[in-house]
Amino acid sequence: MSEFVGIDISLLTLFIALGIAVGALLAPRLIPMVHLRRARLAAYGLGISVLCLIFVTDVWAARFVLFIAGICGGLFVVPINAVLQDIGHRSVGSGHAVAVQHFFENIAMLTVTLVYTWAIASGVAATSVMWVLGIAVLLFAIIIAHFLPEQGQ
């Protein structure tokens with residue numbers, strides 16, 4: 001039985017990865033650098049999809065929501081990465097900018113994983129953790145959207 005649980009979890013990961021790939025493919029068409037502020041809509045969608053996971057009780061529904069979350073993530077990250085590389089190229093060098101960006105992304109993922117693990121180990125309900133995560137994503141999306149330029153530079 002536990003072997004099937006591992007397969008189900010890996011399939012959930014597959015659906016989010018497929019969504020990210022689709023979002024990354026769509027990003028140049030839907031969010032060109034001159035319309036960077038559109039990326040905020042994808043970030044909002046990511047937060048909302050995380051919140052939707054709270055209500056999912058079926059594995060296929062979970063796969064669908066994770067696929068949508070992946071699309072939103074790809075649509076958000078690709079244009080932001082492009083702008084950061086452009087800014088980095090003009091200042092410290094795009095390699096340095098990407099290295100710093102990846103460092104902070106990895107620190108953020110590690111922090112969220114540690115907090116999630118601690119919360120679950122402490123007896124906090126997974127749905128409560130998902131509420132907090134979804135709201136945090138929405139709040140950070142609002143903050144990031146505030147700093148996005150009106151048009152690409």
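Tell me yes or no: at least one residue of the range 2-20 is closer than 16 Å to Met130 by Cβ, over 10 Å from the mean Cα position of the chain (by Cα), assigned to a helix (DSSP H, G or I) and small (Gly, Ala, Ser). Scanning the range 2-20 turns up no residue that is closer than 16 Å to Met130 by Cβ, over 10 Å from the mean Cα position of the chain (by Cα), assigned to a helix (DSSP H, G or I) and small (Gly, Ala, Ser).
Would the range 53-66 turn up any residue that is out of contact with any helix residue (DSSP H, G or I) (no Cβ under 9 Å at 6 or more places or on another chain), part of a helix (DSSP H, G or I) and over 27 Å from Leu18 (Cβ atoms)? Within the range 53-66 (the criterion being out of contact with any helix residue (DSSP H, G or I) (no Cβ under 9 Å at 6 or more places or on another chain), part of a helix (DSSP H, G or I) and over 27 Å from Leu18 (Cβ atoms)), the answer is no, since none of the residues qualifies.
Taking the residues in the range 21-41 that are of a type outside the set (Gly, Ala, Ser) and under 13 Å from the mean Cα position of the chain (by Cα) as candidates, determine which candidate is modelled with the highest pLDDT. Going through the qualifying residues, I end up with Leu41. From the residues in the range 106-135 that are in contact (Cβ under 8 Å) with a residue 60 or more places away in the chain and surrounded by 12 or more Cβ atoms within 10 Å (Cβ to Cβ), which one is farthest from Leu53 (Cα to Cα)? Top of the filtered list is Ile135.
The criterion of being closer than 19 Å to Leu139 by Cα, in contact (Cβ under 8 Å) with a residue 12 or more places away in the chain and part of a helix (DSSP H, G or I) holds for Phe76.
A count restricted to the range 31-40 and to residues that are surrounded by fewer than 16 Cβ atoms within 10 Å (Cβ to Cβ) and in a helix (DSSP H, G or I) stands at 4. Considering only residues in the range 84-97 that are of a type in the set (A, V, I, L, M, F, W, C) and either within 17 Å of the chain's Cα centre (by Cα) or surrounded by fewer than 13 Cβ atoms within 10 Å (Cβ to Cβ) (or both), the one that is farthest from Leu18 (Cα to Cα) turns out to be Val92.
Among the residues of the range 21-30, those that are touching a residue at least 40 places away in the same chain (Cβ under 8 Å) and either among the small types (Gly, Ala, Ser) or exposed (fewer than 13 other Cβ atoms within 10 Å of the Cβ) (or both) comprise Ala21, Gly23, Ala24, Ala27, Pro28. Evaluation of Phe76 against the conditions (1) at pLDDT below 90; (2) surrounded by 15 or more Cβ atoms within 10 Å (Cβ to Cβ) shows that the sole unmet condition is (1).
In this structure, is His102 loosely packed, with under 11 Cβ neighbours inside 10 Å and either in contact with a Cys (Cβ under 9 Å, 6 or more places away or on another chain) or modelled with pLDDT under 90 (or both)?
Values: loosely packed, with under 11 Cβ neighbours inside 10 Å: no; either in contact with a Cys (Cβ under 9 Å, 6 or more places away or on another chain) or modelled with pLDDT under 90 (or both): yes.
In short, no.
The values are calculated or read from the model by the stated rules, or taken from the named source; none is laboratory data. Because the structure is a prediction, the values reported are computed rather than measured. Note: ideal-geometry Cβ built from the backbone for every residue, glycine included; neighbour counts use all protein chains shown.
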